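The values are calculated or read from the model by the stated rules, or taken from the named source; none is laboratory data. Not measured: the values here are computed from a predicted model. So basically every Cβ, Gly included, is an ideal-geometry build from the backbone, and we count neighbours across all protein chains shown. With ligands, DNA and RNA removed, areas are computed over all heavy atoms of the protein, side chains included. Shrake-Rupley method; radii C 1.70, N 1.55, O 1.52, S 1.80 Å.
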Amino acid sequence: MTARATCTRKLYSQRGEMPTYLALTRTAQEDLAAVQTYISKQGDGWQDIHRVLPRVAKTFTQYSERYIEPGRLLLKASDRKFAQAMYGLYDSKAGYLRYKNAPRKPGYVGCCPYCGIKGSITVDHYLPRSRKEFPHFSVLSANLVPACGDCQGHKLTYYAPTTGRVVRNRRRQMVAAKLSQRSYRFRTSDRRILHPYFDRFLSERILIAHIEMGARGVPSLVSITPRLSLARSTRRAIEFHLDRLHVLERAKGEVEHLHSSILKGMKGVRTLAELLESLEKQLGSAQSRGGSLNFFDALYLRALIVRKDLHPQLLSVVETENAVLVRVSQARRVRVPAHHGRRQPAR
Ligand SMILES: [Zn+2]
């Protein structure tokens, strides 16, 4: 068994048996109970929402299957008017709604689940919490995703477009079905942002980083692509996601800093075998640190491991760095006068 396989299993066991990238710890029913508690404490203005609540509850339970086709989770125009009252729930300070802040807690994730890059994490509404679209999901746990500010800035209020249209009337559905198999159905769209709670393939390694040797011995990032072993539609969704969130450009900006920290971890490395061993070790710790096989630091380290043709050049950079470190430490030792190191005994 390889070191990488062990690491994958460790990640699964850390997150329980749920084979998703992020384990969702609350159920839609628990969220709904919190919403109902809130409503019961409000005044007369909230009476109307009781009429809508069963339909809101239905969308809560359907969310995990329909997030790919969010058009099916929109409420009817008449219901939306009342559901808008739920928009403000996200800003409520009520103790029973405090769970909504869980994704932003330090240590909840090791890296941003959308881009795989380290950054300060806040909460993103996967389906936008706008008054027009999904105000009813403002405190649904499944819709609250930890995300970095950059991803949120690029995602904004985007959600997958749904092709086709919904015909609710059963008789019209049958007529439409006779005319065309697809005319009354929404088609699954690949133009979507990946969902860290429900896109199961995120628990696997889905990305490959491609590098080339760049200036000053720092390999530069050329591209990030989905693995070819994935289904075609999954690959399309991943490509769209990376493109929409500008992941490649941002990852390129990470390389220089990351590379210098990798070199620091190679103190004392003298041979190609030691270099490879150090890279493997750093990969293992990066995967645990990021909590994901798709953590960018891990992708970059894996790219370095695979590109064995770059290793001799990398080793010469490591040797130069080590020589500089030795010279600096020698210079420090020479500069410190002997009597500073030890206290003279009192006479
Ligand atoms: Zn991000």
**Q.** Apportionment of accessible area to carbon and sulfur, region 206-332, percent (1.4 Å)
**A.** 55 percent
Q: Using only the Cα atoms of region 206-332, each taken as one equal point scatterer with no solvent, compute I(q) by the Debye sum, divide by I(0), and report log10 of the ratio at q = 0.11, 0.12, 0.14 Å⁻¹.
A: -0.42, -0.49, -0.65
Q: Could I have the simple spin-label model distance between residue 96 and residue 220, label points 7 Å from Cα toward Cβ, reported in nm to one decimal?
A: 5.8 nm
Q | Distance histogram for region 22-82 (every C-alpha pair counted, 10 angstrom bins, percent rounded to whole numbers) | A | 19, 47, 28, 5
**Q.** region 23-158, relative contact order in percent, only Cα pairs under 8 angstrom and at least six apart counted
**A.** 27 percent
Q.
Counting heavy atoms of the protein chains only and a 1.4 Å probe, report the per residue accessible area for region 206-332 as a whole number of Å².
A. 51 Å²
Q.
Explain nothing, just compute: Karplus ³J(HN,Hα) = 6.51 cos²θ - 1.76 cosθ + 1.60, θ = phi - 60°, for every residue of region 36-47 in order, whole Hz, x for Gly and Pro.
A. 5, 4, 4, 4, 5, 8, 8, x, 4, x, 9, 4
Q) When N counts the residues of region 23-158, how does its alpha-carbon radius of gyration compare numerically with 2.2 N^0.38 Å, as a ratio? A) 1.05
**Q.** Accessible surface, per residue, of region 34-78 when the full set of protein chains is kept, probe 1.4 Å, Å²
**A.** 54 Å²
Q. In terms of modelled amide H atoms, which long-range or inter-chain residues lie less than 5 Å from the amide H of residue 227?
A. 207, 208
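What FRET efficiency do you get for residue 61 and residue 87 if R0 is 25 Å and r is their Cβ-Cβ distance, rounded to the nearest 0.05?
On the way: r = 20 Å, r/R0 = 0.82.
Efficiency, rounded to the nearest 0.05: 0.75.
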Q | Rounded percent of accessible protein surface that carbon and sulfur make up, region 23-158, 1.4 Å probe | A | 49 percent
